[in-house]
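Just below is one structure, and these are the notes that go with it.
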Amino acid sequence: MKLDLDRQPFGSSELALGGNLELGMPDGRPQSAEVTGTLVVQNLESRVLLSGTLRAEGRAECGRCLEEFSLVWDVPVELMVLRDVDTDENEGVTLLILQTKGEVDLGESLRECAVLAYPQSLVCRDDCKGLCPECGIDRNQGTCECEEQNIDPRWDGLPE
């Protein structure tokens, strides 16, 4: 996933991206993701701005039933490529990539965007019943005879 600064026309254009990103996240989360989408490129005099939302897809583990499933999430992207390396430009949340000419590898910056946009809570589907806390059976695939106790042990010491 590269951006060729020498061939980028001045003004506004689009950059279609697609490919596999190595995310390097811990177990239960995707190690890689297929990223696709189109970014808007604003080629200005001293900088190139890239913005848009990409789509990432990878294999993840459900937080309720521990089954592996395909997870799709949106990856908002806002990048800036500075042509003048000596600039003291500071844009806050915008990611800066310093490059004077040639090709810019967007891989690491897009990886960071994908990891930052990764959902905190993973559920394979909204109606996932999860695992039984007593016997461990997957409640999506069967039922068990365990009694469900809705008693919170933290309240045991309080008078009734």
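FYI, it's all coordinate maths here, none of it is from the lab. Since the structure is predicted, the reported quantities are computational estimates derived from the model, not experimental observations. Positions of Cβ are generated from backbone atoms using ideal geometry, with glycine treated the same way; all protein chains shown enter the neighbour counts.
Which value, in debye to the nearest 20, gives the size of the charge dipole of the chain about its Cα centre, when Lys and Arg are +1 and Asp and Glu are -1 at the Cβ?
Computed charge dipole of the chain: roughly 500 debye.
If each residue's Cβ is checked for other Cβ atoms within 10 Å, how do VAL35, VAL72, VAL115 rank with the fewest at the top?
VAL72, VAL115, VAL35
Expressed as a rounded percentage, what relative contact order does the chain have, with Cα pairs under 8 Å and six or more residues apart?
Contact order relative to length: 20 percent.
Need one number for the chain: average projected area of the convex hull over its C-alpha atoms, nm².
14.7
For the chain, what is the percent of antiparallel DSSP beta bridges, rounded to the nearest 5?
90
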